[in-house]
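Input: a single structure, listed below in structure tokens.
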Amino acid sequence: MQSIKLLAIALLFSINVFAENPPNFILILTDDQAWSGSSVRMDNRISNSYGDGYITPAMKRLAREGMRFSAGYAAGPVCVPSRYSIQLGQSVARHGMTSVFKRNLPFDYDTPDTLAELLKRYNPLYKTAHIGKWHIQTDPSNFGFDVSDGLTGNVEGGDDNKTSYTVRYDKDPKRTVTLKKRAEDFLKEQAKLNQPFFLQISHYANHVWIEADPEDVKKYELIPEDKRLRPAAYSAMTEALDRSINGVLNSLDELGLSKNTYVIFTSDNGAVPCFPPKPNSKDNINKPLRGGKWSLLEGGIRVPFIIKGPNIKPNSQCNGPVVGTDLLPTILELAGQKKLTTSQPIDGISFTSLLFNGNNAIDIDTFYNRSLTWHFPRFNQWNMAHAESAIRKNGWKLIYSWETKQRRLYYVLADYMEKFNVASIEEEKADELQEELFEYLQSVGQSVPPNKNDPSNK
């Protein structure tokens, strides 16, 4: 009996320790949004690193009040692998969920320590919620979320079985109004309880099909096509997304939560290059970057990456490369967990030092010098997706094609548009990166080369 009392006292003491104003977190994850897919200039050194013809004041507010990462990356060029990487802190190659459509891949959900689970394990006071698109093959509760919309996929904002590139006119395009209301209700409840939280809002925008408010479309149709470089309805859909985000930011202000909340804004991959998609189209929503969704060119994996919150310098920019896998260790460190212990290996690293010190961070070279890898062994998909893997290190980026054995080497620090393939000139560098890429893939259990006949690779 005495031991039970002591345990209860210890628990109460730990809760009191945790209760010293732990920060809140909101992760806003958009779907298929280009790096330049807003009115935010993502790199102040690049004049066209934003999109003409977008009206996105909420996204601009995030940038004005926080830090932009000019080299922010998604973990994969398509949604499902990228979303697993955020929850697990692992590269796509390591967790092995490389498929979009195959749902029968082996995965032990009892083993991984997910972002939400780790946050609550460190501090049991945290309430975790996921609203919107999930697109992971197990219920969000199995990944540690207390509140969720369940096993949602593209169907709520599109059709998983019959993709359409035509416009659907709606007053709640991509459920942006619904998600805003769901988020606001959750925030109000947490404010009443005075309880810290992690809320992930996973938007259906801007995944196909295109949905837009008719009144918004009319406004964008007045903008000349050469100024918007996309269908008018696509820009209108982005504005609806922005209004939804604005509602969440306003709720934080009204509830007095802004000063103690980190808001993270990013996307699961780059945008579909054009509508309908066609190979080698000159019109690319991801301009000035090449490529787009399904590709390991910068247009497919470099995405908006903006964070605002306590002790982050407003209207700042950091050029150190970060990736979606880094969110797990970063959020845990911001919550107060200095030493991260997990049951599975973690590829991401915390970039809190960059958040607080930007380009002057003492360890910024760590981020430039580390190896970032992408693995997309997708054969025979839509004439848009090709089986390839990539590695970025010290400003160099190698893309290796498993179908053609072609190597493309770019110095993306200077050649962010990937105009100059220097693999034949810098053969030694290409060999070095290829060897490191292959060794990493093999070390995490990926076959080199991937088995083309494996159903999971189609």
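The residues of segment 323-343 that are in contact with a Gly (Cβ under 6 Å, 6 or more places away or on another chain) and surrounded by 24 or more Cβ atoms within 10 Å (Cβ to Cβ), listed by number, are Thr325, Asp326, Leu328.
Residue under question is Asn44, and the condition is that it be in contact with a strand residue (DSSP E or B) (Cβ under 7 Å, 6 or more places away or on another chain), assigned by TED's automatic domain parsing to the domain that holds Tyr204 and either surrounded by fewer than 19 Cβ atoms within 10 Å (Cβ to Cβ) or assigned to a loop (DSSP other than H, G, I, E, B) (or both); does it hold? In short, yes. Per the conditions (1) touching a Leu at 6+ places or on another chain (Cβ under 6 Å); (2) surrounded by fewer than 24 Cβ atoms within 10 Å (Cβ to Cβ); (3) not basic (Lys, Arg), the sole criterion not satisfied by Gly247 is (1). Tell me yes or no: at least one residue of segment 311-319 is within 19 Å of Arg83 (Cα to Cα) and within 19 Å of the chain's Cα centre (by Cα). Looking through segment 311-319, none of the residues is within 19 Å of Arg83 (Cα to Cα) and within 19 Å of the chain's Cα centre (by Cα). The conditions of being at pLDDT below 95, part of a loop (DSSP other than H, G, I, E, B) and out of contact with any Gly (no Cβ under 8 Å at 6 or more places or on another chain) are not met by Asn311.
Just one of the listed residues (Val155, Val147, Val177) is within 26 Å of Ala34 (Cα to Cα), aliphatic (A, V, I, L, M), surrounded by fewer than 19 Cβ atoms within 10 Å (Cβ to Cβ) and at pLDDT 95 or above, namely Val177.
Selection of segment 226-278 for residues being closer than 15 Å to Tyr204 by Cβ and among the β-branched types (Val, Ile, Thr) yields Thr238, Ile245, Val272. Only one residue in Arg302, Arg378 is buried (at least 18 other Cβ atoms within 10 Å of the Cβ) and at pLDDT below 95, so which one is that? None of the other options fit; the residue is Arg378. Exactly one residue out of Tyr169, Tyr165, Tyr220 is on the phi < 0 side of the Ramachandran plot and buried (at least 20 other Cβ atoms within 10 Å of the Cβ), and it is Tyr220.
Within segment 218-231, residues that are among the hydrophobic types (A, V, I, L, M, F, W, C) have Cβ atoms under 8 Å from residues that are crowded, with 18+ Cβ neighbours inside 10 Å and assigned to a helix (DSSP H, G or I) in these pairs: Ile223/Ala232; Ile223/Ser235, counting only partners at least 6 apart in sequence or on another chain.
When Thr373 is tested against (1) more than 24 Å from Glu418 (Cβ to Cβ); (2) in a strand (DSSP E or B), only condition (1) is not met. Search segment 315-354 for residues being assigned to a strand (DSSP E or B) and β-branched (Val, Ile, Thr), and hand back the single one that is nearest to Val78 (Cα to Cα). The selected residue is Val323.
Checking each residue of segment 227-234 against the condition of being out of contact with any Lys or Arg (no Cβ under 6 Å at 6 or more places or on another chain), assigned to a helix (DSSP H, G or I) and closer than 28 Å to Glu184 by Cβ gives at least one match.
The residues in segment 383-414 that are among the charged types (D, E, K, R), surrounded by fewer than 19 Cβ atoms within 10 Å (Cβ to Cβ) and in contact with a strand residue (DSSP E or B) (Cβ under 9 Å, 6 or more places away or on another chain) can be counted, and the count is 2. Taken over segment 370-421, the criterion of being under 19 Å from Ala75 (Cβ atoms) and β-branched (Val, Ile, Thr) is satisfied by Thr373, Ile391, Ile399, Val412. Identify the single condition in (1) crowded, with 20+ Cβ neighbours inside 10 Å; (2) over 19 Å from Ser267 (Cβ atoms); (3) not hydroxyl-bearing (Ser, Thr, Tyr) that Phe351 does not satisfy, given that it satisfies every other one. Tallying (1) crowded, with 20+ Cβ neighbours inside 10 Å; (2) over 19 Å from Ser267 (Cβ atoms); (3) not hydroxyl-bearing (Ser, Thr, Tyr), Phe351 fails exactly one: (2).
Take the conditions (1) free of Cβ contacts under 8 Å to residues at least 60 places away in the same chain; (2) more than 30 Å from Gly336 (Cα to Cα); Ser258 misses just one of them, which is (2). When the residues of segment 244-267 are filtered to those that are in contact with a Ser or Thr (Cβ under 8 Å, 6 or more places away or on another chain) and assigned to a strand (DSSP E or B), the one that is nearest to Ala183 (Cα to Cα) is Phe265. Residues that are over 23 Å from Pro23 (Cα atoms) and among the hydroxyl-bearing types (Ser, Thr, Tyr) within segment 187-224 comprise Tyr204, Tyr220, listed in sequence order.
The values are calculated or read from the model by the stated rules, or taken from the named source; none is laboratory data. All of these numbers come straight from a predicted model, not from anything done at the bench. Note that each Cβ is placed from the backbone with ideal geometry, even for glycine, and that neighbours are counted across all protein chains shown.
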